[in-house]
C-alpha cells in the first residue's frame, strides 16, 4: 500500500470514530415534548382579596398534566344505562362489607371439581413442556 492510501484509510476511520463521540454543542438537555400542556386563558378572579400564588407552583384550577390525562381518559362516574340499572335492581344491593365476609365459614361456595383444583395447583412455568390431551 502506498502512503496516500494509508493516509486516506486512517482519515476515513478517524472521521467515522469521531461521529460516535457524545460531546459537543449538539449534546445538550432538551425539553420533553410530551410534558407540554396547554394553558387555560387568563381570567379575572371574582375575589380580589386572593393571595398571589407562589412562584413555580402549579395552577390550582387545572392540576397537573397527569391529572388532566386521567380525567380525560376515565372521567367521572358514567351514567348507567337502563338495562344495567334494571339488572342491578333485580339482583339486589350487595351488603357493604361483602368483600370482608367472603372468606368466612358462613359463605356458600361451589365445588368446581378436580380439573379446576389441578389448574390452580399447577406449577408455574414457561409452557415449553405443556401438552394437550384430546379425549375420545
(Q) residue 129 - would you say it is over 32 Å from the mean Cα position of the chain (by Cα), surrounded by fewer than 10 Cβ atoms within 10 Å (Cβ to Cβ), part of a loop (DSSP other than H, G, I, E, B) and at pLDDT 75 or above? (A) yes
Q | Selection within the range 81-126 - at pLDDT 80 or above and surrounded by 10 or more Cβ atoms within 10 Å (Cβ to Cβ) | A | 84, 85, 86, 87, 88, 116, 117
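The values are calculated or read from the model by the stated rules, or taken from the named source; none is laboratory data. Because the structure is a prediction, the values reported are computed rather than measured. All Cβ positions, glycine included, derive from the backbone under ideal geometry; neighbour counts span all protein chains shown.
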